[in-house]
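First comes the structure, then the notes that go with it.
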Amino acid sequence: MKRSLIGALVLLGTVSAMADAKTQAQNTTEEKVDIKKYSRVVVDESAANREGKKYTVSAQIMGFNFTGGETALNLGYFLNDKTVLKLRFSSLRGTAQDIYSDEGDSKEVKDAWAKQGNGTAIMAGVKLFTGNSFYVEPAAYYRNQYQVYSTTEFGASTVEIDDADIKDAGLSLRIGNQWQWDNFTIGCDWIGISRSLVDLGSTGDTNSDRLASTSLLNLYLGASF
């Protein structure tokens with residue numbers, strides 16, 4: 001009788017231990033799932049906040065591109081949380097007028113430097129996120145821009161202006177970071193390069209060395225929804 005009671009107690013203890021182990025394993029599994037969930041929100045917050053978004057619009061408020069200043073309007077369509085189709089409409093403006101134009105220059109020279117770098121550009125590309133916020137952005141562009149490279153005055157009536165009225169198309173590549181909150185977004189193209197491939201009716205001096213350029217610190221902010 002005692003042996004039967006001891007055996008029953010041992011069996012009951014074994015079953016109880018097995019049940020506790022199973023419960024502990026289930027709790028551990030649940031905890032692991034929760035950890036991954038919280039890691040997604042905290043560590044990859046921007047990536048998580050891009051999920052479910054379809055459209056994005058932003059204004060570039062400062063930057064440097066095509067040897068001059070650039071402001072732009074950016075429109076985007078999310079294919080998924082890592083891929084965005086993009087259109088960029090840029091206004092280009094010169095930055096060298098005060099550097100190269102002297103008070104004693106002729107009106108012709110002053111007018112040339114006043115227009116230096118002014119123009120417009122349109123870019124179509126794709127933004128590819130490789131992590132939480134970092135991306136690469138290849139694009140094709142069309143540009144219409146007036147450039148002055150140098151001016152020389154010989155006496156009071158002879159002026160030599162090395163310039164170009166550029167109309168071309170080419171390719172560009174930029175890298176940057178874009179952070180996403182609920183709907184608000186802010187980002188920056190840290191650096192980029194562009195290269196002209198097709199002349200579309202440019203006039204003046206447009207040799208190949210002058211048709212490659214670098215973009216820097218293009219800061220933008222906007223909304224995604």
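Of all residues in the range 199-225 being of a type in the set (A, V, I, L, M, F, W, C) and under 20 Å from R174 (Cβ atoms), which is surrounded by the most Cβ atoms within 10 Å (Cβ to Cβ)? Restricting to residues being of a type in the set (A, V, I, L, M, F, W, C) and under 20 Å from R174 (Cβ atoms), the top hit is L211.
Per-residue answers, yes or no, for (1) in a loop (DSSP other than H, G, I, E, B); (2) within 30 Å of A47 (Cα to Cα); (3) touching a Pro at 6+ places or on another chain (Cβ under 9 Å):
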{"position": "Y141", "(1), (2), (3)": "no, yes, no"}
{"position": "Y146", "(1), (2), (3)": "no, no, no"}
{"position": "A164", "(1), (2), (3)": "no, no, no"}
{"position": "D168", "(1), (2), (3)": "no, no, no"}
{"position": "D182", "(1), (2), (3)": "yes, yes, no"}
{"position": "I186", "(1), (2), (3)": "no, yes, no"}
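One residue alone among K54, K86, K82 is open to solvent by 30 Å² or more (accessible area, probe 1.4 Å), under 18 Å from the mean Cα position of the chain (by Cα) and either closer than 24 Å to S215 by Cα or modelled with pLDDT under 95 (or both), and that residue is K82.
Within the range 109-150, being of a type in the set (A, V, I, L, M, F, W, C), under 21 Å from G201 (Cα atoms) and touching a helix residue (DSSP H, G or I) at 6+ places or on another chain (Cβ under 7 Å) holds for one residue alone: V148. Looking only at residues in the range 89-109 that are at pLDDT below 85, outside any loop (DSSP other than H, G, I, E, B) and surrounded by 15 or more Cβ atoms within 10 Å (Cβ to Cβ), the one that is farthest from the chain's Cα centre (by Cα) is V109.
The set of residues in the range 66-81 being out of contact with any strand residue (DSSP E or B) (no Cβ under 7 Å at 6 or more places or on another chain) and assigned to a strand (DSSP E or B) consists of N80 alone. Applying the selection to the range 131-145, what residues are open to solvent by 40 Å² or more (accessible area, probe 1.4 Å) and either aromatic (F, W, Y) or free of Cβ contacts under 8 Å to residues at least 24 places away in the same chain (or both)? Within the range 131-145, F134, Y142 meet the criteria.
Consider the range 171-198 and keep the residues that are touching a residue at least 40 places away in the same chain (Cβ under 8 Å) and of a type in the set (D, E, K, R). The one that is surrounded by the fewest Cβ atoms within 10 Å (Cβ to Cβ) is D182.
For the range 129-154, a residue qualifies if it is under 22 Å from the mean Cα position of the chain (by Cα) and β-branched (V, I, T), and the qualifying residues are T130, V136. Filtered by the rule that a residue be over 13 Å from the mean Cα position of the chain (by Cα) and closer than 23 Å to N132 by Cβ, the range 62-79 gives Y77, F78, L79.
The values are calculated or read from the model by the stated rules, or taken from the named source; none is laboratory data. It should be emphasised that the depicted structure is a prediction, and the values quoted were computed from it without experimental measurement. In this analysis, Cβ positions are derived from the backbone assuming ideal geometry, glycine residues included, and neighbour counts consider all displayed protein chains. These area figures cover heavy atoms from the full protein model, side chains too; ligands, DNA and RNA do not enter into them. Shrake-Rupley method; radii C 1.70, N 1.55, O 1.52, S 1.80 Å.
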